1. Report yes if some residue within the stretch 272-291 is open to solvent by less than 10 Å² (accessible area, probe 1.4 Å), over 20 Å from W246 (Cα atoms) and touching a residue at least 40 places away in the same chain (Cβ under 8 Å); otherwise report no.
2. Search the stretch 138-162 for residues being part of a loop (DSSP other than H, G, I, E, B), in contact with a helix residue (DSSP H, G or I) (Cβ under 8 Å, 6 or more places away or on another chain) and open to solvent by less than 20 Å² (accessible area, probe 1.4 Å), and hand back the single one that is farthest from L33 (Cα to Cα).
3. Could you pull out the residue among P333, P308, P304, P314 that is outside any strand (DSSP E or B), without any contact (Cβ under 8 Å) to a residue 60 or more places away in the chain and within 22 Å of the chain's Cα centre (by Cα)?
4. Please determine whether any residue of the stretch 75-94 is among the acidic types (D, E), modelled with pLDDT of 95 or more and either surrounded by fewer than 20 Cβ atoms within 10 Å (Cβ to Cβ) or in contact with a Ser or Thr (Cβ under 7 Å, 6 or more places away or on another chain) (or both).
5. Given V354, V341, which one is within 19 Å of the chain's Cα centre (by Cα) and among the β-branched types (V, I, T)?
6. Which count do you get for residues in the stretch 103-116 that are open to solvent by 10 Å² or more (accessible area, probe 1.4 Å), within 14 Å of T68 (Cα to Cα) and not hydrophobic (A, V, I, L, M, F, W, C)?
7. Give the residues of the stretch 235-271 that are open to solvent by less than 10 Å² (accessible area, probe 1.4 Å) and closer than 21 Å to L158 by Cβ, sorted by residue number.
8. Tell me, please, whether a residue that is more than 20 Å from the chain's Cα centre (by Cα) and at pLDDT below 75 can be found in the stretch 47-56.
Amino acid sequence: MFNRRSLLAATGATLLTRLGRAAPAPRVAGERLTRIAFGCCDHPEMAQDIWPAIAATDPDLFLFLGDTVYADDAVTAKAGIIPALAEMYQRLDASPEFRAFRAQVPIEATWDDHDYGVHDGGADFPGKEATRALFLDFFQVPANDPRRTRPDGVYHALELGPPERRVQILLLDLRYNRSPLLRHDEPERTAKSGFGPYLPNLDPAATMLGPAQWRWLEAQLRRPAQVRLIGSSVPYAAGHRGYEAWTNFPLERQRLADLIAGTGAGGVLFLSGEVHYGEISVLTRGTPYPLYDVTSSGLTHFWPLPGPNLNRLPVGTVAQRNFGMIHILWEAPEPQVVMEVRTANGGLGIQHAVALDSLHS
């Protein structure tokens, strides 16, 4: 069994105090938030040259939506997941581009499978307490933060801006309590159709978040805010394509739409990653208002053939390295939210704007 003491023995206490140095403090609630950058899927052994392009957009905040590193790629017969994860965090911390970015822009984060510790992993991963400790240390989460002591994950909330322009950030944990994926056993089906190996799980007991995180999320959605950015490490609104997404648990996806409706939470916009290309999706059936989902992935590598998605907006896809941007145009005659996916050199890939009033029922 992993514990904090064995983790320190495996990685060395000096590593945990050194990682993430020079990180800025989070913005305080009184400051206005207008530009939020986000992204995921950063392999420390690949080029880190995207960080200056993100910094050039002058974001108020960067949201890391998972796969901060790819620790499972570094596992060998001699080195298990914990030493491999520590090594990957060291590599990222040693990157001059990332270090300079981190010194300039506040970062908030959740994890996905490769920094959680196992590909497509869920609640049954036995090393999750040890990997959580490394994750929280890398992002310099204070010792008294609830994420250090709660028994079920790294989900996190923060609120920024004055009351009349409050932005709520909700970063979900879609690994710690997630039920097992339902897999088909027809490899030829995947090869011929382009769909992945997973089937929708219709078991009412299957969960993405777990009971405690659901209760936490309901309480958060009842808090006042004009814009709510929900960070989801896997796509929420995209149509089913057989790979990791909320559509693998359709009852849970509908439960979240129903929760948004039931709490009267306006201004919800999903930010997601995982798929290694960029797109914008929208879910309109069974929702209180259109639920948009901006998917940006990945920072260091990409998949050149975007998968099928019946809910994709007809603005195209970004099949190259990319990062996402949200612009909140508070001063416009009709306040708007502009969703973007930008390329590794900062160029505009795709864009879609909506009136803020349209994100309310």
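1. No, the stretch 272-291 contains no residue that is open to solvent by less than 10 Å² (accessible area, probe 1.4 Å), over 20 Å from W246 (Cα atoms) and touching a residue at least 40 places away in the same chain (Cβ under 8 Å).
2. Ranking the qualifying residues of the stretch 138-162, first place goes to D152.
3. On the way: P333 fails: within 22 Å of the chain's Cα centre (by Cα); P308 fails: without any contact (Cβ under 8 Å) to a residue 60 or more places away in the chain; P314 fails: within 22 Å of the chain's Cα centre (by Cα).
None of the others qualify; the one that does is P304.
4. Residues of the stretch 75-94 that are among the acidic types (D, E), as a first pass: 87, 93.
Filter once more, keeping what is modelled with pLDDT of 95 or more: 93.
Filter once more, keeping what is either surrounded by fewer than 20 Cβ atoms within 10 Å (Cβ to Cβ) or in contact with a Ser or Thr (Cβ under 7 Å, 6 or more places away or on another chain) (or both): 93.
The answer is yes, given that some residue of the stretch 75-94 is among the acidic types (D, E), modelled with pLDDT of 95 or more and either surrounded by fewer than 20 Cβ atoms within 10 Å (Cβ to Cβ) or in contact with a Ser or Thr (Cβ under 7 Å, 6 or more places away or on another chain) (or both).
5. Working: V354 fails: within 19 Å of the chain's Cα centre (by Cα).
Answer to the check: V341.
6. So the first thing to find is which residues in the stretch 103-116 are open to solvent by 10 Å² or more (accessible area, probe 1.4 Å), and the list is 103-104, 107-108, 114.
Subset that is within 14 Å of T68 (Cα to Cα): 107-108, 114.
This time we only want the ones that are not hydrophobic (A, V, I, L, M, F, W, C), so: 108, 114.
Adding up the residues that qualify gives 2.
7. Hits for the stretch 235-271 are Y236, L256, I260, A265, G266, G267, V268, L269, F270, L271.
8. Start the filter on the stretch 47-56 by keeping residues that are more than 20 Å from the chain's Cα centre (by Cα), which leaves 47, 49, 52, 56.
With the extra rule that they be at pLDDT below 75, the set shrinks to none.
Looking for residues that are more than 20 Å from the chain's Cα centre (by Cα) and at pLDDT below 75, one finds none in the stretch 47-56, hence no.
The values are calculated or read from the model by the stated rules, or taken from the named source; none is laboratory data. Source: prediction; values computed, not measured. Counting neighbours? That spans all protein chains shown, and the Cβs are built from the backbone with ideal geometry, glycine included. Accessible surface areas use protein heavy atoms only, side chains included; no ligands, DNA or RNA. Shrake-Rupley method; radii C 1.70, N 1.55, O 1.52, S 1.80 Å.
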